[in-house]
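Here's the structure we're looking at; comments come further down.
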Amino acid sequence: MAAAAAAGPMALRRTGAAAAAAAARSRGVLTRSILICAAPPRHRGPLPRTPWTTRGPPPEELARAVERRPVREQVELDTITYAGRQHFVPGLARPRFPPWDRGWHDPWHSRGPRYEEMPLYKERGCFICHQRVRMVEGVRQAQWLTKTKLVQGLPPPVLGIIDNPAHRLEDHEEGIKRAISHARFWGTTEVAPKREHYCPVLFEDLIHLCRLMTVKYPSLTKRMLARNYKISATWERESFLLQVRGLNGILLNSMAPIPPVASKEEVLATEEHVLETFYPISPTIDLQEVNVYKELNDTGFRDGYPYSHPHTLFFLESANIRPNRFRPEQLRAKMLMFAFGNALAKAKVLYGNDPKVLEQPIVVQSIGTDGQLFQFMVFQLNTTDLVSSDGIKNLVWIDSDQNLYEKAQCVPEVKKRVITKPAGIYGFQPDTFKKFLALYLHGTV
């Protein structure tokens with residue numbers, strides 16, 4: 001004890017605890033204690049050099065490991081389903097019944113044959129251009145697909161109608177402003193009407209203004225507007241089978257075709273034109289590849305229809321949400337594809353399916369608008385030989401991005417209780433309607 005006292009208070013504590021524990025054990029009393037066993041340090045060096053680590057396991061051990069174990073016999077178990085219960089039971093399997101044979105053919109409740117078993121099935125795919133196709137390369141891609149040469153601006157016959165004062169509508173500026181006001185301000189009770197409302201209204205009013213020229217030109221009565229008709233035109237371009245089909249814009253039909261716009265010398269000069277490519281992008285990148293059973297060429301109208309000649313296509317991009325609308329470049333590409341499709345379908349009705357250069361080219365016009373911005377196009381089909389890029393090309397004239405007005409202010413701007421910008425039409429451009437009217441009168445004047 002004297003030595004423990006000399007060592008300090010901590011030594012006295014340990015000595016007292018040890019003495020108490022010894023006394024408790026002598027009395028048969030169990031005490032709790034925490035035993036801390038120090039584990040041996042982990043080996044962090046390389047493994048010791050033994051025969052197993054240097055030369056691998058002995059052959060008998062290796063053969064014992066590789067020896068195949070006997071395969072147990074698999075007993076087939078019957079699947080227990082809830083078929084006998086006639087209702088769903090959790091934990092039981094779903095029953096599988098054989099197909100029910102009605103004993104008679106029901107066309108509404110019978111599975112049709114597989115696509116490969118159809119009598120008109122063809123292994124070669126066809127690339128379809130429909131009204132919702134958005135072309136990445138725009139007009140350049142449509143030019144390659146239709147073998148067409150682009151000319152900027154409107155053709156001389158249309159420009160002659162625009163510049164001639166005798167072909168203008170009296171007080172047309174006031175009529176156009178009334179049409180814009182009707183579409184943007186008067187045609188609805190909403191403060192600011194949506195595009196899906198005012199775009200068709202503006203188109204109908206502009207067509208009505210063009211019909212006023214019927215008094216001066218009675219041959220304009222031989223026209224007809226067709227809606228919701230379906231076009232189908234098939235052609236081959238190099239190694240691709242292409243088709244334009246489905247619903248498109250509103251078509252203005254005529255009893256007489258539009259005369260050719262380009263002269264024979266201009267048509268022959270297109271042989272030297274080289275079509276622009278956009279390698280490595282495929283020209284059919286945006287087209288839908290399907291299996292076409294029958295390669296149709298149909299104008300959408302029956303034989304004997306009096307207004308059998310396509311005159312002008314109208315495309316209304318009236319979607320209110322911007323992502324659902326076509327961009328101007330995509331809209332012009334769609335206008336070119338469907339103008340070509342209508343012209344090609346009409347050419348095959350008149351001249352047959354054999355590819356050749358047309359003696360009398362077919363002209364189809366196209367106008368696209370979103371209710372404010374207008375696109376004008378004149379297409380002339382010169383040839384139906386579209387497989388090769390050599391030879392005579394088709395022609396298209398495009399006048400793009402023509403504003404009828406810059407803005408229609410539906411609600412006046414007010415700052416500090418002062419009207420800084422009253423409601424009304426701003427940036428009015430009447431020359432755009434002159435082009436609209438010129439395309440309407442083209443072929444009659």
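The values are calculated or read from the model by the stated rules, or taken from the named source; none is laboratory data. Quick caveat: nothing in here was measured; it's all calculated off a predicted structure. Using ideal geometry, Cβ is built from the backbone for each residue, glycine included, and neighbour counts are taken over all protein chains shown. Please note that ligands, DNA and RNA were not included when accessible areas were found on the heavy atoms of the full protein model with its side chains. Shrake-Rupley method; radii C 1.70, N 1.55, O 1.52, S 1.80 Å.
For H130, tell me the accessible area in Å² from a 1.4 Å probe, rounded to the nearest 10.
That residue has around 60 Å² of solvent-accessible surface.
Once you have a ≥ b ≥ c as the square roots of the Cα gyration tensor eigenvalues for the stretch 86-133, tell me rounded if a/c is under 1.5, and otherwise prolate or oblate according to whether a/b is larger than b/c.
Prolate.
For the stretch 184-275, with only Lys/Arg (+1) and Asp/Glu (-1) charged at the beta-carbon, what is the dipole magnitude about the Cα centre, in debye rounded to 20?
About 600 debye.
Going by average Cβ density within 10 Å per residue, which order do the peptides 345-351, 393-399 take, highest to lowest?
Values: 345-351: 18.6, 393-399: 22.7.
Final packing ranking: 393-399, 345-351.
Please sort through the DSSP H helices of the chain and keep those with an alpha-carbon extent of at least 18 Å along the long axis and a Kyte-Doolittle average not below -0.5.
Working: long enough: 9-26 (26 Å, 0.27); 195-211 (24 Å, -0.05); 328-351 (34 Å, 0.33).
Membrane-span-like by this criterion, though nothing is claimed about a membrane: 9-26, 195-211, 328-351.
What are the ³J(HN,Hα) couplings of the stretch 385-398, residue after residue, when phi is run through the Karplus curve with 6.51, -1.76, 1.60 and θ = phi - 60°? Round to Hz, x for glycine and proline.
Going residue by residue, I get 8, 10, 5, 9, 7, 8, x, 6, 10, 7, 10, 9, 10, 10 Hz, with x marking Gly and Pro.
Could you put D370, D390 in order of accessible surface area, largest first, with the 1.4 Å probe and the full protein assembly present?
Values: D370 40, D390 115 Å².
Most to least solvent-accessible, the answer reads D390, D370.
Considering all projection directions equally, how large on average is the shadow of the alpha-carbon convex hull of the chain, in square nanometres?
Numbers: hull surface 241.7 nm².
It is 60.4 nm².
Search the structure for amide H atoms under 5 Å from the amide H of D298, placed 1.01 Å from N in the peptide plane, and list their residues when 5 or more places away or on another chain.
S232, A233
To one decimal place, what Kirkwood hydrodynamic radius in Å is obtained for the stretch 230-273 from all pairs of distinct Cα atoms? Walk me through the numbers on the way to the answer.
Values: mean 1/r = 0.0710 Å⁻¹.
About 14.1 Å for the stretch 230-273.
Tabulate in residue order the Karplus-calculated ³J(HN,Hα) for the stretch 229-239, using 6.51 cos²θ - 1.76 cosθ + 1.60 with θ = phi - 60°, rounded to whole Hz; enter x for Gly and Pro.
Couplings: 9, 10, 10, 8, 9, 10, 8, 10, 10, 6, 9 Hz.
Using the Karplus equation 6.51 cos²θ - 1.76 cosθ + 1.60 (θ = phi - 60°), what ³J(HN,Hα) coupling, rounded to whole Hz, does each residue of the stretch 280-288 give in order, writing x for Gly and Pro?
Using θ = phi - 60°, the values come out as x, 6, 6, x, 9, 5, 9, 7, 8 Hz.
Quote the relative contact order of the chain in percent (integer), defining contacts as alpha-carbon pairs under 8 Å separated by 6+ residues.
Answer for the chain is 19 percent.
So, R0 is 45 Å and r is the distance between the beta-carbons of E295 and E204; what FRET efficiency does that work out to, to 0.05?
It comes out at approximately 0.80.
Top mean-square fluctuation among E196, E116, E137, Gaussian network model of the chain, C-alpha springs under 10 Å?
E116
How high is the FRET efficiency from V191 to Y279, r the C-beta distance, R0 51 Å, rounded to 0.05?
On the way: r = 51 Å, r/R0 = 1.00.
Computed FRET efficiency for V191 and Y279: 0.50.
Given 10 Å bins starting at zero, what is the percent of C-alpha pairs of the stretch 368-438 in each, up to the one with the largest pair distance?
Distribution as computed: 16, 29, 20, 17, 9, 6, 3 percent.
Efficiency by 1/(1 + (r/R0)^6): what FRET value for E265 and N353, r their Cβ-Cβ distance, R0 = 35 Å, to the nearest 0.05?
Working: r = 28 Å, r/R0 = 0.81.
My answer for the efficiency is 0.80.
To the nearest 10 Å², what's I281's accessible area with a 1.4 Å probe?
60
Roughly how many percent of the accessible protein surface of the chain is carbon and sulfur, given a 1.4 Å probe and a whole-percent answer?
About 54 percent, which is the carbon plus sulfur part of the accessible surface.
What is the spin-label model distance, in nm, from I162 to R132 if the labels are put 7 Å beyond Cα along the C-beta direction?
Each label point lies 7 Å from its Cα, and together they span 3.5 nm.
GNM, the chain, Cα, under 10 Å: largest mean-square fluctuation among A142, A93, A63?
Comparing A142, A93, A63 in a Gaussian network model of the chain, the most mobile one is A63.
What ranking, highest mean first, results for peptides 230-243, 292-305 when packing means the other Cβ atoms within 10 Å averaged over each residue?
Answer by packing, highest mean first, reads 230-243, 292-305.
Please give the length that would be gained between C410 and K177 if that part of the chain were fully extended, namely 0.36 nm times their separation in residues minus their C-alpha to C-alpha distance (nm, one decimal).
Additional length available on full extension: 82.5 nm.
Quick check: residue separation of L169 and R211 times 0.36 nm, minus the Cα distance between them. What number comes out in nm?
Extending this stretch completely gives an extra 14.1 nm.
Enter the per residue convex hull volume of the stretch 320-445, computed from alpha-carbon coordinates, in Å³ rounded to the nearest integer.
Values: hull volume 18.7 nm³, N = 126.
Output value, Cα hull per residue: 148 Å³.
Give me D for the stretch 182-287 in µm² s⁻¹, whole number, from Stokes-Einstein with Rh from the Kirkwood sum over alpha-carbon pairs, 4 °C and 1.567 mPa s.
Estimated diffusion coefficient is 68 µm²/s.
Cross-link candidates for K194: which lysines have Cα within less than 25 Å, leaving aside residues fewer than 8 places away along the same chain?
K177, K334, K407, K421
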